Amino acid sequence: MKKFDIITILSVLLISVVFYILYFINVDSSGQPSVQISYNKEIIYEKKIDEVKNVKIEIKSFNNLLNLTVKDDNGEVVEFMETEVKSNKNIENTIYISDGSIVMIHANCHTKRCMSMKITNAFPTPIICTNGIIVELVFEDVYDYVHY
């Protein structure tokens, strides 16, 4: 090998190591996302992801009232909300939030495709149900989404 080849290889390696180090320095500075659940484009629930680990969220709607119940692993009710909605559809959705993922475990929609969707740290695509329920991770800044 010639001297120029060795210098080129070492400089490319050094640049790669510098970019690698800069990337991991910036990853730790990203903010925590929030779990947001909406029904027909109205936000019905929003909490930081750290506050809602290992919980089951049950959403039921009947006669223009929407009930949202948050239960812990023991089945005890942690939070309950009731809101009035414009639609009189009867919906039933159950969402489970664990340490590493958000999963729709029950839905009474026609297609049931939302039950095969999953939100993880590596793949934060929203869960969209055909009955109007949308579960997504919301980031404070676009920069946080890129580095989460």
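Structure data summary
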| read-out | value |
| --- | --- |
| Candidates LYS89, LYS71 - the one that is among the basic types (Lys, Arg) and within 21 Å of the chain's Cα centre (by Cα) | LYS71 |
| Residues satisfying the stated conditions in region 84-113, i.e. at pLDDT 90 or above and hydrophobic (A, V, I, L, M, F, W, C) | ILE91, ILE95, ILE97, ILE102, VAL103, MET104, ILE105, ALA107 |
| Any pair with Cβ under 7 angstrom, 6 or more apart, that starts in region 120-147 at a residue that is assigned by TED's automatic domain parsing to the domain that holds LYS47 and ends at one that is acidic (Asp, Glu) and modelled with pLDDT of 75 or more | PRO126/GLU136 |
| Failed condition for GLY75, given (1) small (Gly, Ala, Ser); (2) surrounded by 10 or more Cβ atoms within 10 Å (Cβ to Cβ); (3) touching a Lys or Arg at 6+ places or on another chain (Cβ under 9 Å) | (2) |
| Flag if LYS41 is more than 14 Å from the chain's Cα centre (by Cα), surrounded by 13 or more Cβ atoms within 10 Å (Cβ to Cβ) and either of a type in the set (Lys, Arg) or within 22 Å of SER116 (Cα to Cα) (or both) | no |
| Close pairs (8 angstrom Cβ cut-off, 6 or more residues apart or separate chains): closer than 25 Å to PRO33 by Cβ in region 48-72, part of a helix (DSSP H, G or I) anywhere | VAL70/VAL52 |
| Condition check for TYR45: over 19 Å from GLU136 (Cβ atoms), without any contact (Cβ under 8 Å) to a residue 60 or more places away in the chain and either among the hydroxyl-bearing types (Ser, Thr, Tyr) or in a strand (DSSP E or B) (or both) | no |
| Exclusive hit being over 30 Å from ALA107 (Cα atoms), of a type outside the set (Ser, Thr, Tyr), without any contact (Cβ under 8 Å) to a residue 40 or more places away in the chain and loosely packed, with under 10 Cβ neighbours inside 10 Å, set ILE15, ILE25 | ILE25 |
| One residue from SER87, SER61 being part of a loop (DSSP other than H, G, I, E, B) and among the polar types (S, T, N, Q) | SER87 |
| Residue in region 46-60 that is over 20 Å from the mean Cα position of the chain (by Cα), in the same structural domain as THR130 (by TED's automatic domain parsing) and closer than 22 Å to GLY132 by Cα present | yes |
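Yes/no per residue for (1) closer than 27 Å to THR111 by Cβ; (2) at pLDDT 95 or above; (3) out of contact with any helix residue (DSSP H, G or I) (no Cβ under 9 Å at 6 or more places or on another chain):
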site	(1), (2), (3)
SER30	no, no, no
GLN36	yes, no, yes
ILE44	yes, no, yes
VAL55	yes, no, yes
ASN63	yes, no, yes
ASN67	yes, no, yes
VAL77	no, no, yes
GLU82	no, no, yes
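The values are calculated or read from the model by the stated rules, or taken from the named source; none is laboratory data. None of the values given here were measured: they were computed from a predicted structure. With ideal geometry, Cβ positions are generated from the backbone for all residues, glycine too; neighbour counts draw on all protein chains shown.
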